[in-house]
1. Might you check whether a residue that is of a type in the set (K, R) and out of contact with any Ser or Thr (no Cβ under 8 Å at 6 or more places or on another chain) occurs anywhere in segment 145-163?
2. Hand me the list of strands (runs of 3 or more DSSP E) wholly inside segment 25-100 holding 1 or more residues that are free of Cβ contacts under 8 Å to residues at least 40 places away in the same chain, open to solvent by less than 70 Å² (accessible area, probe 1.4 Å) and closer than 23 Å to P161 by Cβ.
3. Scan segment 174-194 residue by residue and report those that are open to solvent by less than 60 Å² (accessible area, probe 1.4 Å) and either touching a strand residue (DSSP E or B) at 6+ places or on another chain (Cβ under 9 Å) or without any contact (Cβ under 8 Å) to a residue 12 or more places away in the chain (or both).
4. Determine, yes or no, whether R130 is of a type in the set (K, R) and either touching a helix residue (DSSP H, G or I) at 6+ places or on another chain (Cβ under 8 Å) or surrounded by fewer than 16 Cβ atoms within 10 Å (Cβ to Cβ) (or both).
5. Before we move on, is G158 in contact (Cβ under 8 Å) with a residue 60 or more places away in the chain and touching a helix residue (DSSP H, G or I) at 6+ places or on another chain (Cβ under 8 Å)?
6. How many residues are β-branched (V, I, T), buried (at least 18 other Cβ atoms within 10 Å of the Cβ) and modelled with pLDDT of 90 or more if we restrict to segment 133-155?
Amino acid sequence: ALLTVSGRAAQAQSTPAWSVEIDARVSPADRRIVGTTTLTLSNPTSAALSEIRIFRYPDHYDDRPALDDLLWERVYPALWEPGRLEIGLVQVEEASGVRTSTEALPVDGAVVPISRISLPSPLQPGAAVRVVIPFVTSIPRKYGTFGEFRGVLTASGGWHPLPVALTDSGEWLHDALPPPATWDVRLDVPRTSGVILGDGVL
């Protein structure tokens, strides 16, 4: 398995407002990654936030691509299979300790697949919230940066939910890389498998 975990924003910040914890089990035989992503956000903007947003990059591979015959054989060595990121019921924990369950809902009109998670109360500038997102990533039998081919499972970039960056005024940057963050990744893999975990851009 070859996995990369993080994205880098165009402009570095001295103290990232996000921290990301990933706890997941990798099943190369099933081409699945099952786990949770925990996002902790200290609102870095000058506006109250009513929601947070996350990228769902594996959903790029949920639609059958239009390829000619030659490309099809090189990219998909077997029958076409979809890639997908499924998100379960999200738990939102406020600084007060109050926990709320909610759903991640699609954002219409976004260039890339994005979902929004509504917060139970507005997150004021400087305040913090913790969001636990259960996920299942399905990786297709496919050659390339997101697929399984000849026993090598490759998931480059967003195989898990990734936060969407914000402007200082609280606008969401759908066309930007995820914001700078601190990362803590724990992976459970079969003893017969090796993992190369990289740190790179999406």
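1. Checking segment 145-163: at least one residue is of a type in the set (K, R) and out of contact with any Ser or Thr (no Cβ under 8 Å at 6 or more places or on another chain).
2. Values: elements: 32-42, 49-55, 84-87, 90-94.
Qualifying strands (runs of 3 or more DSSP E): 90-94.
3. Passing the criteria: H174, A176, P178, P179, P180, A181, V185, L187, V189, P190, S193.
4. no
5. Working: in contact (Cβ under 8 Å) with a residue 60 or more places away in the chain: yes; touching a helix residue (DSSP H, G or I) at 6+ places or on another chain (Cβ under 8 Å): yes.
The answer is yes for G158.
6. At the first step, the residues of segment 133-155 found to be β-branched (V, I, T) are 133, 136-137, 139, 145, 152, 154.
Filter once more, so that each one left must be buried (at least 18 other Cβ atoms within 10 Å of the Cβ): 133, 137, 139, 154.
Next cut, modelled with pLDDT of 90 or more only: 133, 137, 139.
Matching residues across segment 133-155 total 3.
The values are calculated or read from the model by the stated rules, or taken from the named source; none is laboratory data. Note that the coordinates shown come from a computational prediction; the quantities given were computed from them, not determined experimentally. All Cβ positions, glycine included, derive from the backbone under ideal geometry; neighbour counts span all protein chains shown. Remember, those area values only see protein heavy atoms, side chains included, never the ligands or the DNA or RNA. Shrake-Rupley method; radii C 1.70, N 1.55, O 1.52, S 1.80 Å.
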